[in-house]
Structure formats: structure tokens, C-alpha cells
Amino acid sequence: MKLIFCLGLFLLTGCVSQIFKEPNPTFSNEVSLQAPDSPFYKLEKSIFPSWKNKSTGNVISILSDCSNQNLNLKQALQIISGSIDNAQIKEEKKMTVQNKSALFQKIEGEIDGSAILIHSLSFKNNNCYYVTSLSGSPEKLALDIKSWDLFNKNIQFKK
């Protein structure tokens, strides 16, 4: 139940698109990703690339938005925080990802009454905004931070 948010976020986007007869969002073709190592496995039904750790239940995902040039890094992070009940930003700081300015947030909240902790990072490359996240149970999230950091370091932009 704790990770319904992650799956719901991706599936909801597809459901809303179907209601309004809009096409499902497409992921940017400007980036290449290296999947996290085992025990993470790819979530096949997710609209955006996502992997779940079968041991901890934590999810690593990446979203892209290439259609809205009026976003900024903080607004891009609202894609994640806007879906959480009682969302509280516990930490926010500027960073760098692949020589790009980035914004990190640590968010606590609830999904369907269950506690959730999310580390998210937004950055821009050319005309696309990206948000990577690690989400899961507050008690288990720390177990996968190294995997998420490595995932972020391995993001490469096509030239």
C-alpha cells in the first residue's frame, strides 16, 4: 500500500489521458538510462521508466516533460509533491547532475493513510525537464539511496 503513490502516479497519468482522449505521455528520447542493479526490477506497466526493489519495496523512477517551457526546477518537483497527502518538504537544496543545475527535495507525507518518504531531483537538459525520485517506506528508504545516487550519476544525454 505504501507505494501505491508511485504506481498510481504513473497509471493515473494514463487514465486521465484516456478520459480526455489525449495520448499517453511519452518519455524524452534525449536521455539514456542505466537500470538499477538487482534486486531492482523494471515495472513494465509504468508510463515512465521505473524500477522496484523486490526486497525493500522502494521505487526509483524518472519522469520527463518536454512540452512545458514555462516550468522551473521547483515547479517540476511539484509533479511528485502534488500527489502526496500532507506533503511536507523536509529538505531542499541546489545540486548538480551531469553538469546541469538541479534541485533536490526530501518530502514526507501520506498516500492512502500510509507514510511515504520521497527523495526527488529535478534538472533540465535542452528543452526537457526531468524528475528522478526514490520513494518508499520511511523506515526502508535509506537502504536504496546509494542505488538512486548511482542511477542519477549514470544518466547520459544524447548529443
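By the count of other C-beta atoms within 10 Å, a proxy for reagent exposure, Phe157, Phe48 are ordered fewest to most as Phe157, Phe48. Bridgeable aspartates and glutamates around Lys158 (alpha carbons under 17 Å apart, same-chain partners fewer than 8 residues away excluded): Glu30, Asp65.
Exposure proxy ranking for Tyr130, Tyr41, based on other Cβ atoms within 10 angstrom of each Cβ and starting from the fewest, stands as Tyr41, Tyr130. The equivalent ellipsoid that matches the C-alpha gyration tensor of segment 99-159 spans semi-axes of 25, 13, 8 angstrom, in descending order.
Stretched out straight at 0.36 nm per residue, the stretch from Ala142 to Lys93 would grow longer than its current Cα-Cα span by 15.8 nm.
Taking Cα pairs under 8 Å and at least six residues apart, what relative contact order does segment 52-159 come out at, in percent? Contact order relative to length: 30 percent. A simple packing score, the average count of other Cβ atoms within 10 Å per residue, orders the peptides 52-60, 118-126, 139-147 as 118-126, 52-60, 139-147, with the highest score first. Here the spin labels are modelled as points 7 Å beyond Cα on the Cα-Cβ line, and at Gln75 and Glu110 they lie 3.1 nm apart. In terms of distances greater than 30 angstrom between alpha carbons, the cross-link table entries Lys52/Lys106; Lys54/Lys153; Lys45/Lys94 yield Lys45/Lys94.
Read-outs throughout are calculated quantities, based only on the coordinates presented, and are distinct from any laboratory measurement. Please read these numbers as outputs of a predicted model, since none were measured by experiment. Don't worry about glycine lacking a Cβ; one is built from the backbone with ideal geometry, like all the others, and counts go over all protein chains shown.
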